[in-house]
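The values are calculated or read from the model by the stated rules, or taken from the named source; none is laboratory data. Quantities reported herein were computed from a predicted structural model and do not represent experimental measurements. Cβ placement follows ideal geometry from the backbone for every residue including glycine, while neighbour counts extend to all protein chains displayed. Note: areas computed on protein heavy atoms with side chains; ligands, DNA, RNA excluded. Shrake-Rupley method; radii C 1.70, N 1.55, O 1.52, S 1.80 Å.
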Amino acid sequence: MLNYIWIFMMIISFVSAAITGRMDETLQAFLDSGKKTFDFVLSVGGIMAMWSGFMAVAEKSCLTEKISFFLSPVISLLFSNVKKKSPAARAISMNMVANFFGLANAATPLGIQAMKELDLLNKGKGASHDMCMLAVINSASIQLIPSTLIAMRSAAGSANPGEIILPIWIASVITAASGIIAVKLCGAGEKL
Amino acid sequence: MRIISQYAIPVMVVFIIAYGFLKKTDVYGAFAEGASSGLRSVVNIIPPVLGLFAAIGVFRASGAMELLAALLRPVTNFLNIPESLVSFALLRPVSGSGSLAMANDIFVNEGVDSFAAKTASVMMGSTETTFYTLAVYFGAVGIKNTSYAMKCALFADFVCFVVSMWICRLLF
């Protein structure tokens, strides 16, 4: 599906550019995307490698094992093929912890680590149920404090910049739950 | 609140290092090893990010998003949804920095305490950039067939849009 959406976006954009007469800007944006990609990778690549380093320290000292112990009920509920105390369970736990504290640059490399562990358990060629689950949970991540957003609202002169926190928590939980249920249903449908 | 977000990273870093030291782990060696494997992951995500940035770049510059929002206008007008929110909801799953910039535009143009601004804030905070997450996670392990992940993630994004509007109408 990522494939079709990508094709759709590329084609529809150049067609729209022809209609709206914005071909110059569109072409410029197309050519700039190469530079933007490397700017992005340079700006987050170092900190991603840094967090992978700290993750390895936590792994070596068996700290991740302790953390995954507390999260193991959640993990076995969500991921059908992940065994307790397995490397996959440990990596998923660390990814969840990082997401919860809003450490996006830490959550991504930890999530990729978890994805690699799940790929080792994957028997098919495409994405397994557990891989879909991990990706969907991360795309609907639950965050404790949306600090960037509050700073932005306060800079824009909001009377109460923090009043969106409670609605965000409620919406986060409902969004994550609907994603999880959707993955579960799709997984169940696949087995039939 | 501010204290928690300010201290989350320092506390985590010190705790991980101190714990490793107390358990007599080769902390620095493990760190270097992990950072090296992290760097390989970073290299793996370059191609999917490049593809994504190209698509987002042309999509935003060409006015395709406005055309799509215009196509949806009969439905959204009927449901009394501000047009800026529709564009925002279309951009949210595609581009993180783009939707953050757009949220700021809504804050400035319609007032930071308007319904549209509050709803955009709630949507911004309660979901991640779906395309980026999926492209990076699956790209890093070289999986092209993402099965039903995209369908489910977009469904969650749609639920997020509806729920955010509902909560903001209810609470504010």
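Numbers for the structure displayed
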item: Test for A:V41: is it surrounded by 16 or more Cβ atoms within 10 Å (Cβ to Cβ), among the aliphatic types (A, V, I, L, M) and facing chain B (nearest Cβ under 7 Å); result: yes
item: Scope the stretch B:64-102; condition part of a helix (DSSP H, G or I), farther than 22 Å from A:S13 by Cα and of a type in the set (A, V, I, L, M, F, W, C); matching residues; result: B:V75, B:F78
item: Count - residues of the stretch A:139-167 that are touching a Leu at 6+ places or on another chain (Cβ under 8 Å) and under 30 Å from B:S147 (Cβ atoms); result: 1
item: Tally, over the stretch B:158-172, of residues that are buried (at least 23 other Cβ atoms within 10 Å of the Cβ) and either more than 7 Å from chain A (Cβ to nearest Cβ) or at pLDDT below 90 (or both); result: 2
item: Scan of the stretch B:116-135 for residues that are assigned to a helix (DSSP H, G or I), more than 7 Å from chain A (Cβ to nearest Cβ) and either under 12 Å from the mean Cα position of the chain (by Cα) or surrounded by fewer than 24 Cβ atoms within 10 Å (Cβ to Cβ) (or both), ordered by number; result: B:A116, B:M123, B:F131, B:Y132
item: Only one of A:G53, A:G46, A:G21 that is open to solvent by 10 Å² or more (accessible area, probe 1.4 Å) and under 27 Å from A:Q113 (Cα atoms); result: A:G46
item: Any chance B:G38 is within 8 Å of another protein chain (Cβ to nearest Cβ) and either assigned to a helix (DSSP H, G or I) or out of contact with any Pro (no Cβ under 9 Å at 6 or more places or on another chain) (or both); result: yes
item: Qualifying residue in the stretch A:156-171 (condition: among the polar types (S, T, N, Q) and either within 22 Å of the chain's Cα centre (by Cα) or part of a helix (DSSP H, G or I) (or both)); result: no
item: Among residues of the stretch B:15-36, those that are of a type in the set (S, T, N, Q) and within 19 Å of A:L110 (Cα to Cα), counted; result: 1
item: Selected residue (criterion: most open to solvent (accessible area, probe 1.4 Å)) from residues of the stretch B:44-87 that are of a type in the set (S, T, N, Q) and within 28 Å of B:G139 (Cβ to Cβ); result: B:N44
item: Of all residues making up the stretch A:48-91, the number that are among the hydroxyl-bearing types (S, T, Y), more than 14 Å from chain B (Cβ to nearest Cβ) and within 24 Å of B:F31 (Cα to Cα); result: 2
item: A:T148 vs. criteria more than 7 Å from every other protein chain (Cβ to nearest Cβ), touching a helix residue (DSSP H, G or I) at 6+ places or on another chain (Cβ under 9 Å) and of a type in the set (S, T, N, Q); result: yes
item: Selection count where residues are touching a helix residue (DSSP H, G or I) at 6+ places or on another chain (Cβ under 6 Å) and either closer than 21 Å to B:R92 by Cβ or part of a helix (DSSP H, G or I) (or both), scope the stretch B:136-156; result: 12
item: Filtered residue count, the stretch A:105-141, keeping only those that are facing another protein chain (nearest Cβ under 8 Å) and open to solvent by 40 Å² or more (accessible area, probe 1.4 Å); result: 4
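Let's see how each residue does on (1) surrounded by 14 or more Cβ atoms within 10 Å (Cβ to Cβ); (2) under 25 Å from A:A140 (Cβ atoms):
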| site | (1), (2) |
| --- | --- |
| B:A89 | yes, yes |
| B:G98 | yes, yes |
| B:N109 | no, no |
| B:S114 | yes, no |
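For every residue, the table says whether it meets (1) among the aliphatic types (A, V, I, L, M); (2) touching a Ser or Thr at 6+ places or on another chain (Cβ under 9 Å); (3) under 26 Å from B:A35 (Cβ atoms); (4) modelled with pLDDT of 90 or more.
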{"site": "A:L2", "(1), (2), (3), (4)": "yes, yes, no, no"}
{"site": "A:M23", "(1), (2), (3), (4)": "yes, yes, no, yes"}
{"site": "A:T37", "(1), (2), (3), (4)": "no, no, yes, yes"}
{"site": "A:S72", "(1), (2), (3), (4)": "no, yes, no, yes"}
{"site": "A:F79", "(1), (2), (3), (4)": "no, no, no, yes"}
